Amino acid sequence: MVRLAQDFSMRYTLVNGHGNFGSIDGDNAAAMRYTEAKMQKLSMELLKDIDKQTVDFVDNYDGRLKEPTVLPAKYPNLLVNGSNGIAVGMATSIPPHNLNEIIDGTIHLLDNEDCEIEDLMEFIKGPDFPTGATVMGIDNLKRAYKTGRGKVKVRANHRIEDIGKGKSQIIFTDIPYQVNKARLIEKIADLVKDKKIEGITDLRDESDRKGIRIVVELKRDANPDIVVNNIYKHSQLQDTYSIIMIALVNGEPKVLNLKQILSHYLNHQKQVITRRTQFELKKAQDKEHILLGQKIALDRIDEVISTIRNSKGTKEAKEALLNEFSLTEIQAQAILDMRLQKLTGLEQEKIESELEELKVEIQRLKAILEDEELLKNIIRDELTSVREKYKDDRKTDIQPDTSEINIEDLIEDEDVSITLTHFGYIKRVPSSTYKLQNRGGKGIAALSTRENDFVKHLINTTAHAKLVFFTNRGRVYKLKAYEIPEGKRQAKGTAIVNLIPLEKDEYIRAIIPVKGSEDDDKFLILATKEGIVKKTKLEEYRKSNRNGLIGISLREEDELIGVNLTTGEDEIILVTKNGMSIRFCEEDVRPMGRTAMGVKGIKLKNNDKVVAMNKTDEGDKMLIVSENGFGKRTLLEEYTSQKRGGTGLITYRVTDKTGAVSGAKIVNDDDELMIINSEGTLIRIEVDQISTFKRATSGVKLMRNEDEQKIVSIAKIMGEE
């Protein structure tokens, strides 16, 4: 009874409870001596006509009373309020639905017995939970309604509010069905404490009589969308509701689909109305029978009175009436029971009028029993009456699951630039954000960084491209470019750890954009700072995901410095910080497994380290940029091909003025270059403005830096982009 009175358990409460009937936080109801209860008006629709022999009655548990085997039910309560129960070897879990939709669907089935479940779903959109929320996944709903079994994802609704000073908060306005709110909030608090969810500074429950309000306050640099997704992933603010529509059909449990449940309900209603009509017909015929006897008596009133007066007793009078007036026992008894006021002329007219009305009513009732269309009209009218009395708006939204949508169709495949800073802040901006500038310019700020932070990676690609992330520890992760939150030009970005589960002291070392299936037959060449190279088929990284896989096995103190996508026959150039380089054909490197260590690519001297790896087919000149902003281009023909593993050739003359080599790219004349320094300042220049020099030279000034500023990253924008 308590559950029937809880508005968070029942979509339409059947008991009107006064007092403490429990709460959504799991509080128990008060003892029964402190509460009162009566039936809601809607409950009366379940019991209507139960006194007209519409359903069978059986003995109760101790045989003292009778109870109905089933209720007449003027609406399909099994679907409207749902049902949950566990038996031996089976369980039922039928979700609640909106009364309007269920009645509309039932009427449609009544009028169209051959309709499909898809037709019914035009009216019955899906579950309608008393706690609101949103059902994610239309395909799963269709499967559940067609088979009687399925699972749907239920997600709390939220909105994001700006609270000033660069901070925002997430407001959850409802929770999934049958979730304990108090335990839910405790769980989220534990997740924050265990750092499974980051970016939250405060968590409050501001719910009241008006509704649910769970407030999650965020840090300044937290991305609300990322935090929301993490909350959904780890807590019951996104829950799975299992649908198992098992019901008793003639005493036998069966799994029913949506159409079968409504069909059984309509058959039940036909039986209820038939039995009610038969009951009313018998009652009308019995009354007609008595009135006919009374009419006979009134027509021959003097004879009737004389017969009764001349009789010695009631029994003799009854027999005399039976014999002399051809009456039945019931009619004779009715005449004996008549009051004298029935003898007035007005009463005689009333009996005749009542007889006429009864004849019309009997004719109507017989027509109902003989014509199924009339029976259907009654069902339709009664269902419509219930709908008009108790209709209300839907509480639960129905949305397609994101996994059912090709999200790429909703996102423009524009050119984008991805920046990742030293402290791990990543963002995506359209490439058009950065204006073209002349060589030697001071540049524009690419982003606002925290103190001592600087941009480490800049990738130019398209929004639909896959980004394969390689870490310094040789692990590999994969994201779509559009999955990286978009930011404004000077925005700091989102912490990469919100997107990729990096460990302590692990950071992204290389980002490779991969476009489409045309790259499936290609290879990845990986190079480490100790001069090791490895070639692996790209398909071996197909399974890479957010959880990460081993991309290359590394020796102690070695790190991954670069990755390139190749055809298997490309030529590779490695460049070191001391200005050395080696050019070799990748055919010199045999293909290895994803977890292999690799082979020597260049022999290093004087504590030298590899800083860059490029393919020769990317252009006709090698562009070198030093830490102090100097740079040059050199024709590739000056780099003779060698066997891998050698010491290589001089590619740049390193001096105190130039600083060590910061980066190297193979370019064409129509390419453009982006250069970022340690303060996060970016300059975009045309490559053909950079002078061409011999290998063993230092070049010219490309970017002016303030004291202690260093060039930390360069990126090429190809001419066709």
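Observations on the structure shown:
- If a spin label sat at a point 7 angstrom from the Cα of Glu354 along the line to its beta carbon, the backbone N atoms of the range 259-298 nearer than 18 Å would be those of 280-298.
- Theoretical gain in end-to-end length, Asn267 to Thr567 [0.36 nm per residue, Cα-Cα removed]: 101.1 nm
- Cα gyration tensor, the range 157-236 - rounded (a/c under 1.5), prolate or oblate: oblate
- Each of [x] 31.2; [y] 32.0; [z] 33.0 is a candidate for Kirkwood radius over Cα pairs in Å; the one calculated from this structure is [z].
- Per-residue packing, averaged as other Cβ atoms within 10 Å, sorts the ranges 137-150, 294-307 into the order 137-150, 294-307, beginning with the highest.
- Were the residues from Asp205 through His234 laid out at 0.36 nm apart, the gain over their Cα-Cα distance would be 8.6 nm.
- Normalised by 2.2 N^0.38 Å, where N is the number of residues, the C-alpha radius of gyration of the range 407-717 stands at 0.94.
- When Rg and the Kirkwood radius Rh are both evaluated on Cα atoms of the range 270-388, their ratio Rg/Rh stands at 1.15.
- Every helix of 4 or more DSSP H residues in the chain counts as -39500 (n - 2.57), and over all residues that averages to -8000 deg cm²/dmol at 222 nm.
- Cα gyration tensor category, rounded, prolate or oblate, for the range 196-293 with a/c compared to 1.5: prolate
- The radius of gyration of the Cα set in the range 1-69, together with its Dmax, comes out at 15.1, 43 angstrom.
- Restricting the range 50-126 to trypsin sites (Lys or Arg not before Pro) in coil, as DSSP defines it, with at most 16 other Cβ within 10 Å: Arg64
- GluC sites (Glu not before Pro) restricted to the range 118-209 and DSSP loop, no more than 13 other C-beta within 10 Å: Glu122, Glu206
- Rg/Rg_globular for the range 56-109, with Rg_globular taken as 2.2 N^0.38 Å and Rg from C-alpha atoms: 1.51
- Of the trypsin sites (Lys or Arg not before Pro) in the range 619-721, the ones in a loop by DSSP (not H, G, I, E or B) with at most 15 other beta carbons within 10 Å are Lys643, Lys657, Lys694, Arg704.
- Helical segments meeting 20 Å axial Cα length and Kyte-Doolittle -1.0 threshold in the chain (DSSP H): 258-299, 345-370, 372-390
- Intensity falloff of the range 190-232 expressed as log10 I(q)/I(0), Debye formula with alpha-carbon point scatterers, at q = 0.15, 0.27, 0.33 Å⁻¹: -0.40, -0.98, -1.20
- Tensor-based shape of the range 3-115 (alpha-carbon gyration tensor, a/c under 1.5 rounded, otherwise prolate or oblate): oblate
- Each Lys and Arg adds +1 at its Cβ and each Asp and Glu adds -1 at its Cβ; summed about the Cα centre, the chain shows a dipole of about 3140 debye.
No lab work stands behind these numbers, since they all come straight from the coordinates. Since we're looking at a predicted model, the values are computed, not measured. Note that each Cβ is placed from the backbone with ideal geometry, even for glycine, and that neighbours are counted across all protein chains shown.
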